[in-house]
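This report concerns only the one structure given below.
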There are 2 protein chains.
Amino acid sequence: MLVSSPPNGTIKLADYVFARLHQLGVRSVFGVPGDYNLKLLDFVEPSGLHWVGNCNELNAAYAADAYARLHGISALVTTFGVGELSAVNGIAGAFAEKAPIVHIVGTPSRTIQENRVFMHHAFPDADYRRFAEMHSHVTAAQTNLTDPRLAPNQVDWIIEQALLHQRPVYLEIPDDMVNTLVSSSNLHDRPSLQLPDPPEIEAEASGVQCLLDRVYSAKRPLILVDGESRSLGILEEIDQLIKATQWPTWTTVFGKGLVNEELPNVYGVDAGKFGADEAFAYHQSADLILHLGPHLSDTNTNIFTTIPPKTIAIVLSQNTLTAGANIYRDILPARFLQRLLKELKSDRLVKVDGPPNTIQAQPEVVDSDPLVQKHFYSIINPILRKGDVVLAETGTASYGGRTMKLPPGSRFFTAVTWLSIGYMLPATLGAALAQRDMLKTSLEKGAQEANQKRRAILFMGDGSLQMTAQELSIIIQEKLNVTIFVINNNGYTIERVIHGRKQAYNGIAKWDHAFALRLFGMDEETVSKSFFRAKTWGELKTVLASPDLKEGEGVKVVEVFMGQEDCTGPLLDLLQRQVAQEGTAS
Amino acid sequence: MLVSSPPNGTIKLADYVFARLHQLGVRSVFGVPGDYNLKLLDFVEPSGLHWVGNCNELNAAYAADAYARLHGISALVTTFGVGELSAVNGIAGAFAEKAPIVHIVGTPSRTIQENRVFMHHAFPDADYRRFAEMHSHVTAAQTNLTDPRLAPNQVDWIIEQALLHQRPVYLEIPDDMVNTLVSSSNLHDRPSLQLPDPPEIEAEASGVQCLLDRVYSAKRPLILVDGESRSLGILEEIDQLIKATQWPTWTTVFGKGLVNEELPNVYGVDAGKFGADEAFAYHQSADLILHLGPHLSDTNTNIFTTIPPKTIAIVLSQNTLTAGANIYRDILPARFLQRLLKELKSDRLVKVDGPPNTIQAQPEVVDSDPLVQKHFYSIINPILRKGDVVLAETGTASYGGRTMKLPPGSRFFTAVTWLSIGYMLPATLGAALAQRDMLKTSLEKGAQEANQKRRAILFMGDGSLQMTAQELSIIIQEKLNVTIFVINNNGYTIERVIHGRKQAYNGIAKWDHAFALRLFGMDEETVSKSFFRAKTWGELKTVLASPDLKEGEGVKVVEVFMGQEDCTGPLLDLLQRQVAQEGTAS
């Protein structure tokens, strides 16, 4: 599998890096070639990894972020200066929302850097540390491989940092280090890089006891699953807890897709005062909220309104359990929950009836009526299948997408905190590749997976699409099963809602989406079975029922037209406030 | 012109900022709307500025960079976090190659920042200084407007820094500062923000004397105009010097487009050993080289081979004249050259015959033969008109484009140092807008400009195009006169040349460029007169002769097909070295 056969006990450094990533289950590597990473790229495919040449580095970073959220870790290769800086907003998003990307930057040779030679992609002062310093603000760890004796441990260390912090890390490889021989012993001695558990400490036992006391005395309890549960690695334990307690369970926006929404006590996203009245009332009267994996940004908490009050919350975050004034530090969340589940006596738990959890009826719509946000996602909902990844881009799509009921085994991506519009299309690429890679790996390991087609289903506004549209060509090239609903509502509706409802600056250039698939590499015949348009419910139903859409493989694009001020939930609230202000201002 | 009428002597802060930019001749503002800059954007159009909503922030930064290089300063507005970080690679390029962009970042309100509220586009630690720190590495100055008493002077100071350093600056405006009233007195007291000249110092006089001594004793002199002459503001003086001395004159790649190439003693780009033999011989035997505005990156100096030897060079750079061991500091380049020109006695100058400066004959090509890089740019050359801006993207286009002879009043953009592929398409937008704005401004001032249609003409490879292709839709929307030659050579030929000639990672996704204009907003009828294809010389000649291309207005795209390893000059050298190495390796 390696490019060449180095002497026993040694390996070329680039082989070492990619072998480590392979050991961690990575199968696709994202990035763009550049002058200082070309030699590095020679080692990608021979290491058993698939090179995904993205259209640009920001798109590559977005894709790597999504891959990491599904698979657990991902790899991105860029070139010094221009490449790494183009990617940095994607890296920052992965930092904010916790996606462990190993960002490998190919840099000029040590000779060039040491002599401060003014090469291209550098500044006239030939300070080669500048861009690494910039990345120190948006990555959990940074290292630069300049000595073959240290390099293998540096590689292992930085990957461990990515896994531990669940955040991107920054790994510089000078051009002349790529082919340098290093010791290969680490690869054999510790092939998985599994982080060792710390010793169990007293705080864990007392934390469990504290939690059990509160759990047994609760009369109106609920569970709130937040998005950092993913990076804490406690999804399996949470599933058991939901089943063991039978308590009413909600997620945050960030937590959506991390729990089985088909369980009768799971309600979907806690929308606070914008959700169902009965659910809101239950929350208001709760006396215990188990808040798991908290992430307390304004956008993940309905502007801080859905954060459980401290008096009734028990919060499990990275290494810490907080129950009012009692704080238990340095606990291991997964082990903590396992211990809790083991000691939990179900017969001592209150049996509560949560609010009604009726299955949302399909809205009644008139076929000739134009599409509206309010009903759109409910009408689409039935097409979702087990194991699909659903992605709802920042904007109206996020507020609609989060109301959908996900089938088991689905995962969900949406606007949480970073909210960088344009993210979702490359993220769809990354998610679909992770889906395919993970399925393949599990089949190789002998899993008896039903050969059901899994898809990535994206909802994205026309404004967001313009940011990163070219990545559609890579999705087509990779022959991924991806269905994209492009919401054509004439610009940045989310911004119109916030401010400047009628302002021209919230508009966008006019595109004719019918030509996107052709530009991006699909042949005419395939496009005729892959591009759809709907302005009315009747048209949408026809599209959704079409075998080309339902059963077809590959990329499908459905352009759906909605009003430029059409929105729902908290967005509608904001819009109405703006309209009211306009009334008083004039 | 202002949004509202504040009390006498005061003005809203956002009005102040945009009024200052308007005073400096800025007429277009680039950027993307975002949650924290919407209120700011309310002030753009009412200030007499045109808002260009770009497809994404990197594209916006690229466009602003090009606008600044032509007009002298430009403005970019992004939103906190996601927006500013997406733009940062473009800002870094403007730093490396000197383009003064005022990068205005709309940030969360002072209340949010002071209380470290965890808002979207921030990190969980709500450290609101992080992204400003990152920008301190790639901008000449940074400031944050948090106090209305200080704000006007801060705005003036940072714009002065941009003008002085000819580099981007970073200006944060918290959301709640936008409408704050500030003093307007600066706007009236110093309306142009022209930097005052420092006092003339002794070094200037002795520098002139030193230079004159050398000039008068030179037997084989030449002038080398480098690209920082633009940011030094000495183009007019250089033009006079070239005419006064009649000495053989070359430019670097970066300097191309800054001198009048129709003068008989101007030879174009000094290509060192890759250029004409006679020119190379003249350089080798020179005893004086006046090197103006040096920029000594590998890519601007044919890997350092065209840097004049210190023994025969006199170098005028920012604030410094260097003549061997004699260094004259703190001089003002423009004033220095003006003094030199005044004191220069033409009759004491050697009259030299430079190497032959024959007009390149049109290559003889067979109509049925496929296009090749070697002759392509010579065949295209005659279509260039006075005042056109020519842009040749990093890659084969840059090596070919620099061999073209420019008509007077043209400007030239190409790969100098930053070499961020994808730059040139948004740069074309920025350049064409600057062209239009500057023409309009000079007409308003009473200039008798012949109403000749000026165009921007772009040469760009298919790989680079994929990076930033969507910006074509803004060029179309803005109704700019832009002609684009897309070189379809199946991927990153420049990278194939450097390393990995046959490697898949240097390939790109397959696009059908025929559909680009339709996707990006052009109607079918216009496309039929705007999109052209050529694979052979005969086809190319037909396209070039077509009235739709020659006389038509708006956007024209010509897709030209060339071989994936077809290259010229130093690139061919690199490729052949690679082929030779393959021979020995196997």
**Q.** the range B:170-215: radius of gyration over Cα atoms, expressed as a fraction of 2.2 N^0.38 Å
**A.** 2.26
**Q.** Positive-end residue of B:ASN59, B:ALA87, B:ALA162, charge dipole of the range B:10-189 with Cβ unit charges
**A.** B:ALA162
Q: Taking H placed 1.01 Å from N in the peptide plane, check which residues at least 5 places from B:ALA75 or on another chain put their amide H under 5 Å from its amide H.
A: B:PHE30, B:VAL102
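Report Rg/Rh for the range B:445-586, rounded to two decimals, where Rg is the Cα radius of gyration and Rh the Kirkwood radius.
Checking Rg against Rh, the ratio lands at 1.07.
Relative contact order for the range B:10-189 using alpha-carbon pairs under 8 Å, separation at least 6, rounded to a whole percent?
27 percent
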Q) Over the Cα atoms of the range A:202-271, what Rg and Dmax result, in angstrom? A) 12.6, 37
Q.
Can you compute log10 of I(q)/I(0) for the range A:47-128 with the Debye formula, treating each Cα as one identical point scatterer, at q = 0.14, 0.20 Å⁻¹?
A. -0.53, -0.87
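How much of the accessible area of the range B:10-189, in percent, comes from carbon and sulfur atoms when a 1.4 Å probe is used?
Answer for the range B:10-189: carbon and sulfur cover 50 percent of the accessible area.
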Q) Hey, rough spin-label estimate for A:VAL366 and B:LYS535, points 7 angstrom out along Cα→Cβ, what's it come to in nanometres? A) 5.5 nm
Q: Quick one: check the C-alpha center-to-center distance for the range A:18-71 versus the range B:433-492, whole angstrom.
A: 35 Å
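How much area per residue is accessible in the range A:373-580 when the probe is 1.4 Å and only protein heavy atoms are counted (Å²)? Intermediate values should be presented prior to the final figure.
Values: 7200 Å² over 208 residues.
I get 35 Å² per residue for this part.
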(Q) Let me understand the protein assembly as shown better: what is its radius of gyration from the alpha carbons, and its Dmax, in angstrom? (A) 31.1, 109
Q: Identify all lysines with a Cα-Cα distance to A:LYS502 below 19 Å; exclude those on the same chain that are fewer than 8 residues away in sequence.
A: A:LYS510, B:LYS39
**Q.** At R0 = 35 Å, FRET efficiency that the Cβ-Cβ distance of B:ILE327 and B:ASP156 yields, to 0.05
**A.** 0.60
Q) Considering only protein heavy atoms, what is the solvent-accessible area of A:LYS502 at a probe of 1.4 Å, reported in Å² to the nearest 10? A) 150 Å²
Q: Give the whole-number value, in cubic angstrom per residue, of the convex hull volume spanned by the C-alpha atoms of the range B:95-151.
A: 96 Å³
Q.
A drop of at least 40 square angstrom in accessible area, chain alone versus all protein chains together, probe 1.4 Å. Which residues of the range B:493-507 meet that?
A. B:GLU495, B:HIS499, B:TYR505
Q: As a check on your grasp of the helix formula, calculate [θ] at 222 nm for chain B: sum -39500 (n - 2.57) over DSSP H runs of n ≥ 4, divide by the residue count, round to the nearest 500.
A: -11000 deg cm²/dmol
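Taking a probe of 1.4 Å and counting only protein heavy atoms, give the total accessible area buried between chains A and B in Å², rounded to the nearest 100.
Details: alone 24590 and 24660 Å², together 42960 Å².
Buried area (both sides, nearest 100 Å²): 6300 Å².
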Q. Going toward the positive end of the dipole of chain A, with +1 on Lys and Arg Cβ and -1 on Asp and Glu Cβ, which of A:ASN153, A:LEU232, A:MET134 do you reach last?
A. A:LEU232
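Dipole size in debye (nearest 20) for the range A:140-254 around its Cα centre, Lys and Arg Cβ +1, Asp and Glu Cβ -1?
580 debye
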**Q.** Carbon/sulfur fraction of accessible area - the range A:202-348, other protein chains in place, 1.4 Å, %
**A.** 51 percent
Q.
Keeping every protein chain present and rolling a 1.4 Å probe, give me the accessible area per residue for the range A:202-348 in Å².
A. 40 Å²
**Q.** Radius, Kirkwood style, for the range A:286-404 when every pair of distinct Cα atoms is counted (Å)
**A.** 18.3 Å
**Q.** Percent RCO, i.e. relative contact order, over the range A:202-348, from Cα pairs under 8 Å lying at least 6 residues apart
**A.** 30 percent
Q.
Give me the percent of accessible area attributable to carbon and sulfur for the range B:373-581, probe 1.4 angstrom.
A. 53 percent
Q) How fast does chain A diffuse by Stokes-Einstein, in µm²/s, taking the Kirkwood radius from C-alpha pairs at 25 °C and 0.890 mPa s? A) 97 µm²/s
Q: List the distances, in nm and shortest first, from the label point of A:GLU525 to the matching label points in every other copy, placing each point 7 Å from Cα along the Cα-to-Cβ direction.
A: 3.4
**Q.** Distance from the range B:157-217 to the range B:343-396 (C-alpha centre basis), Å
**A.** 36 Å
Q) If you take the alpha carbon radius of gyration of the range A:402-454 and divide it by 2.2 N^0.38 Å, what ratio comes out, to two decimals? A) 1.39
Q.
Suppose R0 equals 41 Å. What FRET efficiency, 1/(1 + (r/R0)^6) with r the Cβ-Cβ distance, do B:ASP573 and B:LYS453 give to the nearest 0.05?
A. 0.60
Q. So what's Rg/Rh here for the range B:269-354, counting alpha carbon atoms and using the Kirkwood radius for Rh?
A. 0.99
Q. Once the principal axes of the Cα atoms of the range A:10-189 are found, what is the range along each, listed largest first in whole angstroms?
A. 41, 37, 26
Q | Percent antiparallel among DSSP beta bridges (both partners in the protein assembly as shown, rounded to 5) | A | 15 percent
Q. With every protein chain kept in the model, how would you rank A:ARG190, A:ARG348 by accessible area, 1.4 Å probe, largest at the top?
A. A:ARG348, A:ARG190
Q: Please report, largest first and rounded to whole Å, the three semi-axes of the ellipsoid equivalent to the range B:459-528, where each semi-axis is the square root of five times an eigenvalue of the C-alpha gyration tensor.
A: 28, 12, 9
**Q.** the range B:97-130: trypsin sites (Lys or Arg not before Pro) in DSSP coil with no more than 15 other Cβ atoms inside 10 Å
**A.** B:ARG116, B:ARG129
Q.
Eigenvalues of the Cα gyration tensor times 5, then square-rooted: what semi-axes does that give for the range A:202-348, in whole angstrom, largest first?
A. 22, 16, 15
**Q.** Residue-averaged beta-carbon neighbours from other chains (10 angstrom radius) around A:131-140
**A.** 4
Q.
How large is the Kirkwood hydrodynamic radius of the range B:527-576, counting all unique pairs of alpha carbons, in Å?
A. 12.6 Å
Q) Mean separation of Cα pairs under 8 Å and 6+ residues apart, divided by the residue count of chain A: what relative contact order is that in percent? A) 12 percent
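The values are calculated or read from the model by the stated rules, or taken from the named source; none is laboratory data. Since the model is a prediction, treat every value here as computed from it, not as a measurement. For neighbour counting, all protein chains shown are included, and Cβ atoms are generated from backbone atoms with ideal geometry for every residue, glycine included. In case anyone asks, the SASA skips ligands and DNA or RNA and just uses the protein heavy atoms, side chains included. Shrake-Rupley method; radii C 1.70, N 1.55, O 1.52, S 1.80 Å.
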